[in-house]
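What follows is a short report on a single structure.
Since every read-out is calculated from the coordinates, none of them should be taken as a lab result. Here the structure is a predicted model, which is why all the values come from computation and not from measurement. Glycine also receives a Cβ, built like all others from the backbone with ideal geometry; neighbour counts cover every protein chain displayed.
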Amino acid sequence: MVKKTFPFILISFFLVFLLTISYLNLKVYFEGKEEIKVLSAESEKPSEEDFWVNYLELNPNYFPGLIELARIQIANSQNDKAIKTLLKAKNIDPNSDVIEKLEEEIK
């Protein structure tokens, strides 16, 4: 008698377990539709100009960053700021062809 009821109890327990897991999974699926926010999506992304200004505060002699910031400033018609940025870049690399091209764009 024990040998015949053991498989029945085991299968019954497995089916109850399977139904419970399925119920919980469906409950989470239908009720848990909250949008999950990614950490970087919670705060606003700084503009390119703000990014380079902040980066160059930490790394003031980063020549490619100075050039990129000057390009952005020229594109935004901030020629006075671009000239100051190019002067900083010229102190690092006075013979740069890129600086000359950007200075021509300003004129």
Its Cα gyration tensor gives the range 39-106 an equivalent ellipsoid whose semi-axes in whole Å, largest first, are 24, 14, 8
When ranked by the protection proxy of mean other Cβ atoms within 10 Å per residue, highest first, what sequence do the peptides 78-85, 62-69 form? 62-69, 78-85
